[in-house]
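Student: Please find one structure pasted underneath; my questions will follow.
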Amino acid sequence: MSTASRLSTNPALPQDLIGRVAVVTGASSGMGRATALLLASRGAKVALLARRQPQLDELAAEISRQGGQALAIATDVTDAASVEAAAAAVLREFGNADLVFNNAGLMLPGAIGQQPAKEWETQIDLNVTGAMRVVQAFVPQLEAAAAEGRVVDLINTSSIASQYVYGYFAVYSATKAFVSHLVRHLRLELGPKNIRVSVIEPGITDTELQGHFTFQGAIDWIKNAAQSIDFLKAEDIAATVGFIVSQPKHVNLQQVVIMPTKEGI
């Protein structure tokens, strides 16, 4: 665990998030890392959650160099005790979180009946059960923050795959459909408590997720798609999160679909 120095003003970006406490899961790379950097640069204290401590420490150091404040907490969302310990650490060091980016996830395409059981089981445990563990662990803090009159956001990462059918992405798509539909229900319960709940559904995004593919059909598909489509960048997703949290307190962007311009659906 490492703590960066206290925030100083960054003139390049609005400091509209000063006083907010953000939690980012999957913070060691990709969309999580980019979002953590953005939130910190706009004044939020940011708790960085992911499994890889060295990458988290490096990110916390970068935030510190830029004048921000971060807390690096090695966390495995597939382990309930790990998530609960992370929530306790955030509360102890920063106070109640009022912004949670529930972003940790895994994408492993494969053919039904042929994909190793470990691959589809891991996707379900991380994308579904892991996402719920984060919700369960941090909702009490979000409720407490909302009761204090603070602006409160719970933002969840889904995928355009939650809406459409893609060959060999059955399990991944189903896990993301769970996340998207979960948000609708969470809004029903948490909205009356002044907690804004949102879901982001990106199209193809250039992150390390594709580097985990083992199914050759999906590897070839991504390679071919890259020849004709300018993939989204992690920073594009971060900017979207930044836009969501910048809205007036009474405005909740429930569902945001963000696609590469050339990607069909």
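The values are calculated or read from the model by the stated rules, or taken from the named source; none is laboratory data. Quick caveat, the model's predicted, so the values are computed rather than measured. Every residue, glycine as well, gets a Cβ built from its backbone with ideal geometry; the counts of neighbours run over all protein chains shown.
Student: Scan Val77, Val90 and give me the residue that is touching a residue at least 24 places away in the same chain (Cβ under 8 Å) and part of a helix (DSSP H, G or I).
Tutor: Selected residue: Val90, the only one of Val77, Val90 that is touching a residue at least 24 places away in the same chain (Cβ under 8 Å) and part of a helix (DSSP H, G or I).
Student: Tally time: how many residues in the range 93-106 are more than 10 Å from Val134 (Cα to Cα) and either modelled with pLDDT of 95 or more or part of a helix (DSSP H, G or I) (or both)?
Tutor: 7
Student: Given the options Val100, Val24, Val46, name the one that is surrounded by 24 or more Cβ atoms within 10 Å (Cβ to Cβ), within 15 Å of Ala137 (Cα to Cα), in contact with a Gly (Cβ under 9 Å, 6 or more places away or on another chain) and in contact (Cβ under 8 Å) with a residue 12 or more places away in the chain.
Tutor: Going through Val100, Val24, Val46 in turn, the sole match is Val24.
Student: Related question: Name every residue in the range 49-74 that is surrounded by fewer than 18 Cβ atoms within 10 Å (Cβ to Cβ), outside any helix (DSSP H, G or I) and in contact with a Lys or Arg (Cβ under 9 Å, 6 or more places away or on another chain), in order of residue number.
Tutor: Gly67
Student: Next question. On the basis of being in contact with a helix residue (DSSP H, G or I) (Cβ under 8 Å, 6 or more places away or on another chain), surrounded by fewer than 21 Cβ atoms within 10 Å (Cβ to Cβ) and modelled with pLDDT of 95 or more, does Gly242 make the cut?
Tutor: For Gly242, the condition - in contact with a helix residue (DSSP H, G or I) (Cβ under 8 Å, 6 or more places away or on another chain), surrounded by fewer than 21 Cβ atoms within 10 Å (Cβ to Cβ) and modelled with pLDDT of 95 or more - is met.
Student: Among the listed residues Ala218, Ala170, identify the single one that is of a type in the set (Gly, Ala, Ser), at pLDDT below 90, crowded, with 16+ Cβ neighbours inside 10 Å and out of contact with any Lys or Arg (no Cβ under 6 Å at 6 or more places or on another chain).
Tutor: The conditions single out Ala218.
Student: I'm checking my understanding of the structure. Among residues of the range 159-214 that are outside any helix (DSSP H, G or I) and among the acidic types (Asp, Glu), which one is farthest from Gly242 (Cα to Cα)?
Tutor: Only one residue fits best here, namely Asp206.
Student: Something else: Does Val134 satisfy the condition of being under 24 Å from Arg33 (Cα atoms), hydrophobic (A, V, I, L, M, F, W, C) and not in a helix (DSSP H, G or I)?
Tutor: No: the conditions fail for Val134.
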